[in-house]
1. List, please: which pairs have Cβ atoms under 6 Å, are six or more places apart or on different chains, and start with a residue in the range 42-65 that is touching a residue at least 24 places away in the same chain (Cβ under 8 Å) and end with one that is of a type in the set (Lys, Arg) and buried (at least 17 other Cβ atoms within 10 Å of the Cβ)?
2. Filter the range 1-19 down to residues that are modelled with pLDDT under 85, open to solvent by 20 Å² or more (accessible area, probe 1.4 Å) and hydrophobic (A, V, I, L, M, F, W, C), then give me how many there are.
3. Of the residues 243, 222, which single one is open to solvent by 10 Å² or more (accessible area, probe 1.4 Å) and either modelled with pLDDT under 95 or not aromatic (Phe, Trp, Tyr) (or both)?
4. Would you say residue 332 is within 22 Å of the chain's Cα centre (by Cα) and open to solvent by 10 Å² or more (accessible area, probe 1.4 Å)?
5. Checking the condition buried (at least 16 other Cβ atoms within 10 Å of the Cβ) and part of a helix (DSSP H, G or I), which residue from 201, 185, 156, 160 passes?
6. Can you say whether residue 325 is open to solvent by less than 20 Å² (accessible area, probe 1.4 Å), of a type in the set (Ser, Thr, Tyr) and at pLDDT below 90, as far as the supplied structure shows?
7. (1) in contact (Cβ under 8 Å) with a residue 60 or more places away in the chain; (2) part of a helix (DSSP H, G or I): which one isn't true of residue 149, the others all being true?
8. Please specify each residue of the range 188-198 satisfying the condition of being under 16 Å from residue 315 (Cβ atoms) and in a helix (DSSP H, G or I).
Amino acid sequence: MVRIRPALAGLVFLVGRIWDAVTDPAMGVVTDRTRTRWGRRRPYFLAATVLVFVSYVLLWAPVTAAGEWARFAYCLAAYLFFDLVMTMTMVPYSAMSAELTLDYHERTSVMSYRLAFSMGATILTALFPMWIVERAPDPRTGYLVMAVVFGALFALPWGLIFKYCPERPSFQRRMPSLDWRDLLLEPWRLRAFRTLVGMYLAGFIALDVVSSLIVYFMRYNLGRPTEAKFVMGTTIVMQLFSLPLWAWLASRIGKGRAYAVGGAWWIAVMLVFLAFDPAWPAWSIYLLAGAMGLGVSAIAFIPWAIFPDITEVAELATGDRREGSLSGFMTFLRKVASAIALFGVAQVLDLTGYRPPSDEVTGAAAVMAQPQAALAAIRLMLTLVPIALAGVGIVLALRYPLTARMHARLRDLLALRRGEKQAKSIAQQEEMEASYKSLYETLVGGPPPSPPGVTRDPAPNR
């Protein structure tokens, strides 16, 4: 549709990743420091009701410029604008999850609903865009109609979030002057945050590798290229329907242990994938895809269920609410890790002699004409890389320090610091100061600064 060379198309995405390196962390800082009568996050949701629609339509609008470089410039500008709007919207959205409820278990439930809607949107966008395009009189019109329809669908929820998700006034206190060095280094001082990032990246890099290679596996190793989207669809649907199971399990045994159980299940499934034989019954690949979705659901869900709790750890260490900064870091690291993982997969395929499809070869020859080294690389990367990464995630999850009981103590301590409650006696205040020391050493790492800050002036700056 756009008619630009693949090299220029790849350049668009490369520039986009560099753009993310600036905008994601910066947006986290901006939303943490925003002060309006609507709060810190909600103004961006209001803006998203218009900007999401506009950016999505511009991204898919037909390009009529005659010159290739003019079309490239339009694509680059439209993509960067769309990426900026998504960053402006999603970073505050992820950050606000910590404010909807402060309860350890309720947050798990809230995040399961959030991820369910996200997966539902994924299924929707996998099924219907091309259905709309194919029913238009010509592809250019079809893509434009599709963009208008889905742009409106994606924009509408932000107005509802703005209206029905108020923010907590006690979180609106002014922050100290901006110190970029402190801002960039502070999150990495938090032991609990480092553990969460390791779990998050291990799981999502594994998921990226599987998502990128399952198409190759179905096409070349099994000779069933048309079924790849149905196999992935089975995985996504199973992810969606197993969310209540992981939310329930996390409330029973803790979030870290629930992640470990999901990771162990995924490893078991990928070992079966490693031994998968094309002679097995046709339905067996769908059974495995569903079983994989059960494990992937925990890997994708639990880190974001943990994230709101980490914001309290940051407040313990700094005295400020930094949900936006932490959310920006998480979003940025996810994008960087995804780009590196996909680059690595492409390089391994190239080194093993992978032959891209040719327009001159059709039929079965086009599907199976791959050297044995490339077929082995596809199978091994599809299975052993997720197994190794899931193993790393399990080790980190079992070391994740913040339990439900510990989080309850942390909430009580922070409520005192914010002035939302008062110590009833000197003994209780001394108990909270001792609790501060214990929590700091466990969750942040190292001895706490002195004084602990339990008795700091809680009155917000106006």
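The values are calculated or read from the model by the stated rules, or taken from the named source; none is laboratory data. Values in this document were obtained by computation on a predicted structure and should not be read as measured data. Glycine also receives a Cβ, built like all others from the backbone with ideal geometry; neighbour counts cover every protein chain displayed. Remember, those area values only see protein heavy atoms, side chains included, never the ligands or the DNA or RNA. Shrake-Rupley method; radii C 1.70, N 1.55, O 1.52, S 1.80 Å.
1. As it stands, the answer is 63/71, since those pairs meet every condition given.
2. 9
3. Exactly one residue qualifies, and that residue is 222.
4. Taking the combined requirement at face value, the residue satisfies it.
5. 201
6. yes
7. (1)
8. The answer is 189, 191, 192, 193, 196.
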